[in-house]
Amino acid sequence: MFKLRSRAAYFGVLTALALIFSYVETLIPIQFGAPGIKLGLANLVIVIVLYKTDWKEALLLSVVRIVLAGFIFGNLFSIIYSLAGGILSLAVMAFLVRTGRFSVAGVSMAGGVSHNVGQLIVAMVIVETYQVGYYLPVLLISGLLTGAVIGIVAGEVLKRIRSLEFKTTVKEENR
Amino acid sequence: MKKNDLILAAAIILIAAAILAFQFFSQSDGEHRVEVTVDGESFGTYDLSEDQTVEINDTNRLIIEGGEARMEWADCPDQVCVNHRAVERDGESIICLPNKVVVSVESSEANELDGIAQ
């Protein structure tokens with residue numbers, strides 16, 4: 001069985017992977033009809049890490065990835081929006097994983113939806129109007145679809161990397 | 001996919017549909033008004049649902065009829081505003097440049113969406 005023993009090593013690899021996905025996403029020229037709707041490829045890595053390790057690792061990876069991607073491809077606003085969405089969606093996903101009643105696709109769908117909801121809440125605070133709430137149905141559906149796509153892909157990836165073990169504890173390594 | 005996933009998806013779609021339906025029905029009875037300004041200063045605000053005739057400083061005459069507003073008469077030579085089609089939707093306006101009269105439609109709810117995110 002193959003193990004990624006050093007936490008720093010696998011965390012670096014995963015951060016790089018998530019960043020690359022963020023970059024690839026900026027290359028996709030397709031506009032999905034409404035502003036702000038994107039696939040969220042980087043969340044593929046987040047979902048896989050969430051399943052392979054625990055929510056703490058996923059949260060750390062998510063925050064690091066958002067801040068780095070924000071500095072490289074975005075601006076301060078995109079960092080704030082993404083952080084709100086990322087943290088809320090991770091909280092929801094971690095909760096759903098813990099209940100054990102949903103498959104990867106379901107967890108990811110909820111994550112996609114809550115990601116958009118989190119961003120919308122921040123938008124309401126920043127723009128100081130609840131009028132942006134009219135955008136909610138669009139964001140719910142788009143979050144559902146993109147979350148489902150990411151979840152299905154993540155499920156397939158997880159099936160194939162079952163033998164790969166991310167989780168290592170310091171105690172294990174010292175033995 | 002598990003059964004719970006589908007239930008979750010259905011629930012989210014239902015919520016979205018419910019919000020959409022709510023918006024659709026609440027928007028139809030949104031009250032629209034026309035605001036008239038002369039030389040940048042507010043002249044008055046009039047309800048579009050009430051049929052009325054508004055005399056604007058003896059230079060223009062605005063008629064509100066059947067939920068829309070049109071300029072009926074103007075003392076200016078070009079008559080652009082008179083030939084302008086009637087306005088009824090939020091954001092539409094009739095502008096009479098020579099008399100500096102602006103007639104614009106706005107809904108009672110402030111429509112102040114502005115994009116600041118990428």
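The values are calculated or read from the model by the stated rules, or taken from the named source; none is laboratory data. Fair warning: this is a prediction, and the values are worked out from it, not measured in the lab. Cβ: placed from backbone, ideal geometry, glycine included. Neighbour counts: every protein chain shown.
For this structure, a couple of remarks:
- In segment A:1-12, residue farthest from residue A:79 (Cα to Cα) [restricted to those that are surrounded by 13 or more Cβ atoms within 10 Å (Cβ to Cβ) and modelled with pLDDT of 80 or more]: A:10
- Annotation note: Cβ proximity below 6 Å between a residue of segment B:1-18 that is farther than 17 Å from residue A:138 by Cα and facing another protein chain (nearest Cβ under 9 Å) and a residue that is among the hydrophobic types (A, V, I, L, M, F, W, C) and surrounded by 13 or more Cβ atoms within 10 Å (Cβ to Cβ) (sequence gap 6+ or interchain) occurs for B:1/A:105; B:4/A:102; B:5/A:102; B:5/A:105.
- Each residue in segment B:71-106 was checked for being of a type outside the set (A, V, I, L, M), closer than 18 Å to residue B:52 by Cα and assigned to a strand (DSSP E or B), and 5 of them qualify.
Listed here are the residues, each with its yes/no results for (1) within 16 Å of the chain's Cα centre (by Cα); (2) surrounded by 14 or more Cβ atoms within 10 Å (Cβ to Cβ).
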{"site": "B:8", "(1), (2)": "no, yes"}
{"site": "B:16", "(1), (2)": "no, yes"}
{"site": "B:36", "(1), (2)": "yes, yes"}
{"site": "B:48", "(1), (2)": "yes, yes"}
{"site": "B:57", "(1), (2)": "no, no"}
{"site": "B:61", "(1), (2)": "no, yes"}
{"site": "B:78", "(1), (2)": "no, no"}
{"site": "B:98", "(1), (2)": "no, yes"}
{"site": "B:104", "(1), (2)": "yes, yes"}
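- Conditions (1) more than 9 Å from chain B (Cβ to nearest Cβ); (2) surrounded by fewer than 22 Cβ atoms within 10 Å (Cβ to Cβ); (3) farther than 17 Å from residue A:25 by Cβ: number failed by residue A:79: (3)
- The condition of being within 14 Å of chain A (Cβ to nearest Cβ) and either farther than 30 Å from residue A:76 by Cα or modelled with pLDDT of 85 or more (or both) holds for only one of B:93, B:107, that being B:107.
- Residues being surrounded by fewer than 17 Cβ atoms within 10 Å (Cβ to Cβ) and either of a type in the set (Val, Ile, Thr) or at pLDDT 80 or above (or both) - total across segment A:122-131: 5
- Segments classed as helices (runs of 4 or more DSSP H), wholly inside segment A:30-118, with at least 3 members that are in contact with a helix residue (DSSP H, G or I) (Cβ under 6 Å, 6 or more places away or on another chain) and farther than 21 Å from residue B:5 by Cβ: A:55-73, A:76-99
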